[in-house]
Amino acid sequence: MVDHIIRLVTEGIIHIIGQTGYAGIFGLMAAESALIPIPSEVTMTFAGYLASIGRFNLYAVAFVGAFANLAGSILAYALGYWGEEHVVRSWIRKYGKWILVSEHDFDKSDKWFKKHGEKIVFFSRVLPIVRTFISLPAGIAQMNFWRFSIFTFLGSLIWSSALVYVGFILGENWHSLEIYYRKFEYVIVALLVIGIIAYIYKHLKKR
């Protein structure tokens, strides 16, 4: 079942990019940075493969991915900035299970931000999990918007460029990376299933 779901997610990403081109890449990468669990490892390596056969421009794909990450991160930043911590926590408790956002992930990102300061916004873009959630504590701390945007874009450009380049080099064998990102996707799917079951059980128990 898990393999089937992961395959559907991967095929969905491939289909979207194949049908919509750069717009699809932008939408998928923006959603990822807006706390939607869409693996950028699939999106960007596949786009890199398409660049290797002339469908896309290698540099354009990297920049589209970085700008998309920035756009999605701004939405998460705004949630933290305008919502403040107690509102963000309340939102995560209520809706987080549907997009696989947990208080643990938020606390981890918040701890990193408080420990390392604003520079972690840049460095976290190449780290799993933290890269997606770091925008929330940055917004709550009301980090300067322009510094946040610059750090996010530069860090995202490095991440996007690395994935696109790997996909470009591997060519039609880009999917060989599946063995590495599959482990992370297993966790995503498992958490999603657990969240749905817990939600159903909670409501049935109330009734």
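The values are calculated or read from the model by the stated rules, or taken from the named source; none is laboratory data. Remember, predicted model here, so these are calculated numbers, not experimental data. Neighbour counts are summed over all protein chains in view; Cβ atoms, including those assigned to glycine, are modelled from backbone coordinates with ideal geometry.
Computed quantities for the displayed model
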{"item": "Entirely in segment 1-78, the helices (runs of 4 or more DSSP H) that have 2 or more residues that are modelled with pLDDT under 90 and either of a type in the set (D, E, K, R) or over 21 Å from Gly171 (Cβ atoms) (or both)", "result": "2-20, 22-33"}
{"item": "Helices (runs of 4 or more DSSP H) (entirely within segment 110-165) containing at least 3 residues that are in contact with a helix residue (DSSP H, G or I) (Cβ under 6 Å, 6 or more places away or on another chain) and farther than 25 Å from Val42 by Cβ", "result": "135-140"}
{"item": "Residue match in segment 141-149 (condition: at pLDDT 85 or above and within 15 Å of Gly83 (Cα to Cα))", "result": "yes"}
{"item": "Whichever residue in segment 27-49 is of a type in the set (A, V, I, L, M) and in contact (Cβ under 8 Å) with a residue 60 or more places away in the chain and, among such residues, is surrounded by the most Cβ atoms within 10 Å (Cβ to Cβ)", "result": "Ala47"}
